[in-house]
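The values are calculated or read from the model by the stated rules, or taken from the named source; none is laboratory data. Nothing here was measured: the structure is a model prediction, and the numbers come from that model. Heads up, the Cβs are rebuilt from the backbone with ideal geometry, glycines too, and the neighbour counts pull from every protein chain shown.
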Amino acid sequence: MNAGRTSFRFRRAGAFTLVEVLLALALLGSLLVALNVFVFSMAEVWGKGRDERLFGQHCRAVSAHVEDLLRAAVLGPGGDGLAIKEVKQENGGETPELCFTLADGDRLLPWPSAAIPDVELSFTVDPQGKGLILHWQSVLELRREQEAPRVVVVSPFVASMGWDYYDESFKRWETVEEPKREPDGTYLLPKRLRLRFAYNKLTAERVLRVPTHGEGATDY
């Protein structure tokens, strides 16, 4: 009889009462509510900076790709360097652009069929607001002289491009909105380019060094 009572008391002590279960559920509910508040607050904080992060990533990616193209034009196979030339536009006019040739083109170029080698490319900022555009055309195309180069948008968020020249006489930099010209009409190659990005209220500026022949790859 005593053993039975002892066993009963042991089982009763080892079980949870209804009050204890309800208290545990209440505590668990409070923890879940607190966790949800924390998660939603973090999501709100993360969402507020989402545009800034994506915009910054875009600016860095576009700038890096442009720099890679300029280096390939100077250091890569078949590259004959950089020069500023008048490029035929779709409206029939001509605009000075930073031009170069790549033996294998670039991954941004949407060829309708197999890619043609020896592609002439040039950069400019579209006056109609399309952003930074890349003109391109192979030197092997039959109607190259009659037709304007193809156009591909590199970034719709580039609002303008500045040309940086260094004055050796005064030891200072000068930023202009159009490339400078020599008295004989030829264009001067800048030392740097400034890509100015804009999206809603977000703005950024990236300075890219313009490579020249004779520079080693270790300079980068």
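Among GLU44, GLU52, which is of a type in the set (D, E, K, R) and either at pLDDT below 65 or under 20 Å from ARG209 (Cβ atoms) (or both)? Walk me through how you get there before you give the answer.
Numbers: GLU52 fails: either at pLDDT below 65 or under 20 Å from ARG209 (Cβ atoms) (or both).
It is GLU44.
Answer with yes or no whether ILE116 is among the aliphatic types (A, V, I, L, M) and more than 19 Å from the chain's Cα centre (by Cα).
Working: among the aliphatic types (A, V, I, L, M): yes; more than 19 Å from the chain's Cα centre (by Cα): yes.
Against the criterion (among the aliphatic types (A, V, I, L, M) and more than 19 Å from the chain's Cα centre (by Cα)), ILE116 qualifies.
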Give the residues of the range 141-173 that are touching an Asp or Glu at 6+ places or on another chain (Cβ under 9 Å), farther than 22 Å from GLN89 by Cα and either of a type outside the set (A, V, I, L, M, F, W, C) or part of a loop (DSSP other than H, G, I, E, B) (or both), sorted by residue number.
ASP164, TYR165, TYR166, ASP167
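Please go through the range 174-194 and give me each residue that is part of a strand (DSSP E or B) and touching a residue at least 12 places away in the same chain (Cβ under 8 Å), ordered by number. Write out each step before concluding.
At the first step, the residues of the range 174-194 found to be part of a strand (DSSP E or B) are 174-176, 181, 187, 192-194.
The answer is THR175, VAL176, TYR187, ARG192, LEU193, ARG194.
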Residue that is out of contact with any helix residue (DSSP H, G or I) (no Cβ under 8 Å at 6 or more places or on another chain), among the hydrophobic types (A, V, I, L, M, F, W, C) and more than 23 Å from ALA72 (Cβ to Cβ), where the choices are TRP163, TRP173
TRP173
